[in-house]
Amino acid sequence: MAAFHDEIYDFLSEMEDINEIRLSNEAKQLLILPLIEYQKISKRNSRNFNTNENFKRELDSWRESISKIIKTIAYEPARIDRLDNDSILNERTSLSVIKAYAKRFCNIPPFCGER
């Protein structure tokens, strides 16, 4: 579990650099928690082969999904992040994450398994 958590954090850092933004700690948590929970559910349901394969396939696409979300966060931030002229780090808050989820929700597995 800790290895997956670290892998996600490393990827978030890479995406921050590519998109020239910084995510607040709360924004990072909002991105990480659904993935961690999804992995736990997948392991809990591993007895059901079909369910586990669906979970695994969706979980494997997390990098692509995080990339889409962060690109949306970078270029379409929440109003409060656009107004924060004091932020020299181009920081994005959890509000920008929520806005990106709303915009991209059913195009970012495993965040949206229902269509």
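Every number in this text was worked out from the coordinates using simple rules, so none of it is lab data. What you see is a predicted model; the values in this text were computed from it and never measured. Don't worry about glycine lacking a Cβ; one is built from the backbone with ideal geometry, like all the others, and counts go over all protein chains shown.
In sequence order, region 4-19 has phi-based couplings of 5, 4, 5, 4, 5, 4, 4, 5, 4, 4, 4, 5, 4, 4, 4, 8 Hz under the Karplus curve 6.51 cos²θ - 1.76 cosθ + 1.60, θ = phi - 60°, and Gly or Pro positions carry x. A cut-off of 5 Å between modelled amide H atoms, ignoring neighbours fewer than 5 places along the same chain, links Arg92 with Arg22, Leu23, Ser24. Once you've got the Cα coordinates, tell me which of Lys40/Lys71; Lys28/Lys99; Lys43/Lys103; Lys43/Lys99; Lys71/Lys103 are over 21 Å apart. Flagged as over cut-off: Lys40/Lys71; Lys43/Lys103; Lys43/Lys99. The simple spin-label model puts a point 7 Å past each Cα toward its Cβ; for Leu33 and Leu89 those points are separated by 2.0 nm. A Förster distance of 22 Å, applied to the separation of the beta-carbon atoms of Arg79 and Lys103, puts the FRET efficiency at 0.95.
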